[in-house]
Amino acid sequence: WNRRETMKAGLFLLGLCALGCAVQSEGKAHLLIQKAMLTNRPFAGKDLPIRYRIFNVGNAAAHDVTLEDEWSPEEFQPVSGLQTGTWSHIAPGANMSHIVVLRPYSYGYKSSAAAKVTYKHAASDSEVQTSFSNDLGLVPVLSSKDDDKLAAPHMTEWLIFISMALALAALPIILFRPPQSAKSKKA
């Protein structure tokens, strides 16, 4: 986790707590949705897992919960999981996770919109509530060449480092000469 992601997660949790306190007195379900990539560096042709977390911060169950998210079929190939999910209910104070794995076809900046969640306050209720997740913005997908560079063993750099370290360790030994005694000078 880098500093920016940690700050985003902290602000999300703070907002979650504040909203939970505000919704506490209503007696209805209220869903918050978090959408996150589970990898730091997405690469073209490699799996990109996306996690959706749905939190019920209300004090009543949410019924007929449906998650919908759209990823461009021209930019992403679905590998596993579904881009939609349904749950009959989510209890108050509970949360659900849903993971979908996509594979970007090419490198570049790929757009990601917010996921949509619909639910009802009661199973017999006709009014449908809608919530949206955060969007990931433009997802920077790196090329497979960048993946090779980042995963390479960097042999040249390691050889330079080892030779410099050995030179630094050997330098004091070479420069240090014990004083010669008078007997060894005469001989």
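The values are calculated or read from the model by the stated rules, or taken from the named source; none is laboratory data. Only a predicted model underlies this, so the values are computations on that prediction, with no experimental measurement involved. Quick reminder, even Gly has a Cβ in these numbers, built from the backbone with ideal geometry, and neighbours come from all protein chains shown. The accessibility values were calculated without ligands, DNA or RNA, using every heavy atom of the protein model including side chains. Shrake-Rupley method; radii C 1.70, N 1.55, O 1.52, S 1.80 Å.
Of all the criteria given as (1) of a type outside the set (Ser, Thr, Tyr); (2) within 19 Å of VAL128 (Cβ to Cβ); (3) under 20 Å from the mean Cα position of the chain (by Cα), the one not satisfied by LEU82 is (2).
Conditions (1) under 19 Å from LEU138 (Cβ atoms); (2) among the hydrophobic types (A, V, I, L, M, F, W, C); (3) in a strand (DSSP E or B), marked per residue:
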position	(1), (2), (3)
ARG41	yes, no, no
LYS46	yes, no, no
GLY58	no, no, no
THR66	no, no, yes
SER72	yes, no, no
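Say whether the condition of being of a type outside the set (S, T, N, Q) and either surrounded by 21 or more Cβ atoms within 10 Å (Cβ to Cβ) or assigned to a loop (DSSP other than H, G, I, E, B) (or both) is met by at least one residue in segment 15-27. Checking segment 15-27: at least one residue is of a type outside the set (S, T, N, Q) and either surrounded by 21 or more Cβ atoms within 10 Å (Cβ to Cβ) or assigned to a loop (DSSP other than H, G, I, E, B) (or both).
Of the residues making up segment 56-75, those that are buried (at least 20 other Cβ atoms within 10 Å of the Cβ) and either over 28 Å from PRO104 (Cβ atoms) or among the aliphatic types (A, V, I, L, M) (or both) number 7. The set of residues in segment 74-109 being among the aromatic types (Phe, Trp, Tyr) and farther than 13 Å from ASN56 by Cα consists of PHE76, TYR105, TYR107, TYR109.
Looking only at residues in segment 76-86 that are of a type in the set (A, V, I, L, M, F, W, C) and surrounded by fewer than 18 Cβ atoms within 10 Å (Cβ to Cβ), the one that is nearest to ASP125 (Cα to Cα) is LEU82. Against the numbered list (1) modelled with pLDDT of 80 or more; (2) open to solvent by 90 Å² or more (accessible area, probe 1.4 Å), ILE173 comes up short only at (1).
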